[in-house]
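Visitor: One structure, as structure tokens, below. Some questions next.
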Amino acid sequence: MSLLEIRDATLKFGGLTAVNALTLTVEEGQVFALVGPNGAGKSTAFNLISRFYTPVSGSILFDGQDLLRMAPHQVPGVGIARTFQNIELFHQATVLQNLLVGRHRHRRTGMVENILFTPRVRDEERAHRAAVEEVIDFLDLQPYRDQRIAGLPYGVRKVVELGRALASKPRLLLLDEPASGLSVEETQNMRWWIDDIRRQMGITVLMVEHDMGLVSKVCDRVLALDGGKKIAEGTPAEVQSHPAVIAAYLGT
Ligand code: ADP
Ligand code: MG
């Protein structure tokens, strides 16, 4: 069974078909890229998986479970985490606090227990702290751990956004343009992290990315969209040299 299976999914915004009969299969352990020019429907495809949008037709299965039967708030619970093209963090909170938010799906204690601060709550807090400290170490965020997001450079916020998603220990990680706006050096770091996320943590990655250099280094498989439709799929080399992909990027 594939980890993620989208079959024939279509989504319209009024008269605009943003995602058109999209079929996409991601296998466990893969790093898979969605590419295509601006407006191709890549973020909308992510929003379908996150359940922010419901397709007018088609199906989406995660590990055999029907995602379309779930509400958006249930999606993290099955093991899907995401980052946003426009970073979405709590700006007045610290790096550590933002990463603790990522642990939300693992909370087992109730409100009353939390108010009473029972031993169970204390144990749970310790476990969350340990999981988050691991992510902080992994992403070299120690120097920023107690700083507020509002005062941090863009490149660091981008890493915190990745950390928030990773802290939930997902099975599938959706990264919307992880390298956009990053310097050459920051992009290089992102590359190593994505490699390690797959190799050391065993997490499957589906990413949207414009930097084809990065895509060809970290991805096994690429699907190109244009106008909501699949125009090519294959290895990074196959997709990059596909005439329909070249034409889409040249706008011809
Ligand atoms: P990409 O991420 O590939 O750049 P998007 O998925 O964001 O593209 O957008 C696909 C198309 O859908 C674009 O034409 C965009 O303008 C349109 N679109 C995206 N979100 C909305 C929305 N919430 N309402 C109306 N149109 C939208
Ligand atoms: Mg987008």
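Visitor: Yes or no: S2 more than 16 Å from ligand 1 (Cβ to nearest atom) and either in a loop (DSSP other than H, G, I, E, B) or assigned by TED's automatic domain parsing to the domain that holds K229 (or both)?
Guide: yes
Visitor: Please list, ordered by first then second residue, the pairs with beta carbon atoms under 9 Å, 6 or more apart or interchain, first in the stretch 37-53 and within 16 Å of L175 (Cα to Cα), second within 9 Å of ligand 2 (Cβ to nearest atom) and aromatic (F, W, Y).
Guide: Final answer for the pair search is F52/F46.
Visitor: When the residues of the stretch 183-200 are narrowed to those that are more than 23 Å from P37 (Cα to Cα) and in contact with a strand residue (DSSP E or B) (Cβ under 9 Å, 6 or more places away or on another chain), which ends up surrounded by the most Cβ atoms within 10 Å (Cβ to Cβ)?
Guide: I197
Visitor: Is the stretch 77-87 home to any residue that is among the polar types (S, T, N, Q) and surrounded by 17 or more Cβ atoms within 10 Å (Cβ to Cβ)?
Guide: yes
Visitor: Moving on to the next point. Could you check, for the stretch 10-27, whether at least one of its residues is away from ligand 1 (no atom under 16 Å from the Cβ) and either assigned to a loop (DSSP other than H, G, I, E, B) or buried (at least 21 other Cβ atoms within 10 Å of the Cβ) (or both)?
Guide: So far as the stretch 10-27 goes, yes, one or more of its residues are away from ligand 1 (no atom under 16 Å from the Cβ) and either assigned to a loop (DSSP other than H, G, I, E, B) or buried (at least 21 other Cβ atoms within 10 Å of the Cβ) (or both).
Visitor: Of all residues being part of a loop (DSSP other than H, G, I, E, B) and not hydroxyl-bearing (S, T, Y) in the stretch 165-182, which is surrounded by the most Cβ atoms within 10 Å (Cβ to Cβ)? Just the residue, please.
Guide: Looking at the filtered set, the residue picked out is P178.
Visitor: Here's something else I'd like to know. For the stretch 36-55, how many residues meet the condition of being aliphatic (A, V, I, L, M) and either surrounded by fewer than 21 Cβ atoms within 10 Å (Cβ to Cβ) or within 11 Å of ligand 2 (Cβ to nearest atom) (or both)?
Guide: Going through the stretch 36-55 one residue at a time, the tally reaches 2.
Visitor: Does any residue of the stretch 227-238 turn out to be modelled with pLDDT of 95 or more, over 21 Å from L4 (Cβ atoms), surrounded by fewer than 21 Cβ atoms within 10 Å (Cβ to Cβ) and within 16 Å of ligand 2 (Cβ to nearest atom)?
Guide: yes
Visitor: I would also like to ask the following. How many residues does the stretch 71-123 hold that are basic (K, R), assigned to a loop (DSSP other than H, G, I, E, B) and over 22 Å from L206 (Cα atoms)?
Guide: The qualifying residues number 2.
Visitor: Also: State which residue is farthest from ligand 2 (Cβ to nearest atom) when the search covers only the stretch 201-215 and only residues that are surrounded by fewer than 18 Cβ atoms within 10 Å (Cβ to Cβ) and part of a helix (DSSP H, G or I).
Guide: G213
The values are calculated or read from the model by the stated rules, or taken from the named source; none is laboratory data. This is a predicted model, so every value here is computed, not measured. Every residue, glycine as well, gets a Cβ built from its backbone with ideal geometry; the counts of neighbours run over all protein chains shown.
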